[in-house]
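See below for the structure under consideration.
The values are calculated or read from the model by the stated rules, or taken from the named source; none is laboratory data. Computed from a predicted structure; not experimentally measured. Neighbour counts run over all protein chains shown; Cβ positions are idealised from the backbone, glycine included.
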Amino acid sequence: MLTPDSPRYARVARTIDDFMTLDYTGVGLIGKLYDALQSRQPGPCCMGAAERLVHAARERPDAPVLIATGFPEGGGVPETDGPVGAALLARALFLGLGVISVIVVDEDWEAMMHATCRGAGLAPRALPASGRAEPIEFLRPVYIQTVPKDTTGCRAVTQSLLQHTQPSLLLAIERPGCNARGLYHGLGGRPLDGMVADLDQLFIEARGLGLPTIGIGDGGNELGMGVIAEDLPRFSPKAVDCGIPGRGGVGAATAVDWLVVSNVSNWGATGIVAALSALLDNPTVFHDPELETRSTTLCVAHGGVDGMFMAPEPAVDGIDAREWEGMVRTLRGSVMRAMGHAVNWKGDRGDWRQLK
């Protein structure tokens, strides 16, 4: 296993975070988010998240990880950013650590989440009433738990979920985070009233129980971004004023124990997968790029939309699936080379520095 005292560790961790902070979307926000985060949480984002996942799995190997995702766009339909990353993280946790995930989404997004998981090479199942995320022989299971959008109903489901699943860790990816007034917004200031369940209370309660939490976001309005809430107004004016009197800003108030920022939230998930693959020195954990394309395509086919086009396009935040596939292929190749997976002129495999 890759260890922090290894020079290779620092090289791989930096390579991954460098990929996370490239401004593929052209929004111009990621560099500011990353700098703000480093002032609050120094160290490599993705490797830090992967280490916490490994630690949680080894502390409680039979306990599931809860993954919350789903961000509503026009009409309340879910965007592709978030669900695809959640599915691929669940795949990596199962193949690398033998951990089963429970993905939490709103009730009306259940079909989308099942299809997205199948695209990622998993066998999705509704979480049974017992709340037990049991292994299934000869399958790669992932369980889906839905929540209603009303506050009372959602709280009842999530409290039962915590009690019965006894998770080892909670992770949120591209999930709306409420502001200090308890209101949810899109990054541009669009109110999300009635479109999304309140899962902030789930993470707040989990932290109160001492459970570790991780968040992944790309704009500042996602669950977990409370880590840098004080920094957001310096470069994101709508963080404190969404433009609608009385609503406050779009900046998320709820913090997590470890925050990952990336140019696109799904990209952050792929970064964590890359870091986990490197930590475990297990290339199988890092999915082939075609798998991410398939997961995105099935997400769209079952109700997802691209968050930039606001249409059922096979894309994520305006990046076409074919371009995204190339990004994943490049990241995977870079990480494998940094890990020493090279072949010389004779066909010998190993660290390129030692191959002659």
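Taking residues in the stretch 336-353 that are under 21 Å from P289 (Cα atoms) and modelled with pLDDT of 75 or more, and partners anywhere that are of a type in the set (S, T, Y) and surrounded by 14 or more Cβ atoms within 10 Å (Cβ to Cβ), the pairs with Cβ atoms closer than 6 Å and at least 6 places apart or on different chains are A338/T15.
Which one of these does R52 not meet: (1) charged (D, E, K, R); (2) closer than 24 Å to G189 by Cβ; (3) under 18 Å from the mean Cα position of the chain (by Cα)? Only one criterion is unmet by R52, namely (2). For the stretch 158-189, filtering for residues that are surrounded by fewer than 17 Cβ atoms within 10 Å (Cβ to Cβ) and either within 22 Å of D108 (Cβ to Cβ) or of a type in the set (S, T, N, Q) (or both) leaves 5. Beta carbons closer than 6 Å, at least 6 apart along the sequence or on distinct chains, pair a first residue in the stretch 127-138 that is in contact (Cβ under 8 Å) with a residue 40 or more places away in the chain and assigned to a loop (DSSP other than H, G, I, E, B) with a second that is among the β-branched types (V, I, T) and surrounded by 13 or more Cβ atoms within 10 Å (Cβ to Cβ) for A133/I100; A133/V102. Just need a number here: residues in the stretch 58-74 that are under 25 Å from D317 (Cβ atoms) and surrounded by fewer than 24 Cβ atoms within 10 Å (Cβ to Cβ). Final tally of qualifying residues: 3. Among the candidates A123, A87, A133, the residue that is surrounded by 24 or more Cβ atoms within 10 Å (Cβ to Cβ) and closer than 24 Å to D288 by Cα is uniquely A87. Within the stretch 210-228, the set of residues being in contact with a helix residue (DSSP H, G or I) (Cβ under 7 Å, 6 or more places away or on another chain) and either among the β-branched types (V, I, T) or more than 16 Å from L33 (Cβ to Cβ) (or both) comprises P212, T213, I214, I216, V227, I228.
Every test in (1) out of contact with any Gly (no Cβ under 6 Å at 6 or more places or on another chain); (2) under 24 Å from L29 (Cβ atoms); (3) surrounded by 14 or more Cβ atoms within 10 Å (Cβ to Cβ); (4) of a type outside the set (D, E, K, R) is passed by H287 save one, and that test is (2). All of (1) more than 19 Å from E222 (Cα to Cα); (2) modelled with pLDDT under 95 hold for V27 with one exception: (1).
Per-residue answers, yes or no, for (1) small (G, A, S); (2) in a helix (DSSP H, G or I); (3) farther than 23 Å from G76 by Cα; (4) touching a Leu at 6+ places or on another chain (Cβ under 7 Å):
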| residue | (1), (2), (3), (4) |
| --- | --- |
| N266 | no, yes, no, no |
| G271 | yes, yes, yes, no |
| A275 | yes, yes, yes, no |
| A278 | yes, yes, yes, yes |
| T284 | no, yes, yes, yes |
| T297 | no, yes, no, no |
| F309 | no, no, no, no |
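In this entry, G208 passes the filter for residues that are under 23 Å from R60 (Cα atoms), surrounded by fewer than 22 Cβ atoms within 10 Å (Cβ to Cβ) and modelled with pLDDT of 95 or more.
Any chance the stretch 324-344 includes a residue that's among the small types (G, A, S), more than 16 Å from the chain's Cα centre (by Cα) and assigned to a loop (DSSP other than H, G, I, E, B)? Within the stretch 324-344, one or more residues are among the small types (G, A, S), more than 16 Å from the chain's Cα centre (by Cα) and assigned to a loop (DSSP other than H, G, I, E, B).
Here is a yes/no grid of residues against (1) at pLDDT 95 or above; (2) over 20 Å from the mean Cα position of the chain (by Cα); (3) assigned to a helix (DSSP H, G or I):
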site: V105; (1), (2), (3): yes, no, no
site: C117; (1), (2), (3): yes, no, yes
site: G121; (1), (2), (3): yes, no, no
site: K149; (1), (2), (3): yes, yes, no
site: Q163; (1), (2), (3): yes, yes, yes
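Could you list, in sequence order, all residues of the stretch 1-28 that are over 13 Å from N263 (Cβ atoms) and not in a helix (DSSP H, G or I)? Answer for the stretch 1-28, where residues must be over 13 Å from N263 (Cβ atoms) and not in a helix (DSSP H, G or I): M1, L2, T3, P4, D5, S6. Cβ separations smaller than 7 Å between residues 6+ apart or across chains give the following pairs from the stretch 308-335 residues that are within 18 Å of S277 (Cβ to Cβ) to residues that are surrounded by fewer than 17 Cβ atoms within 10 Å (Cβ to Cβ): E325/E290.
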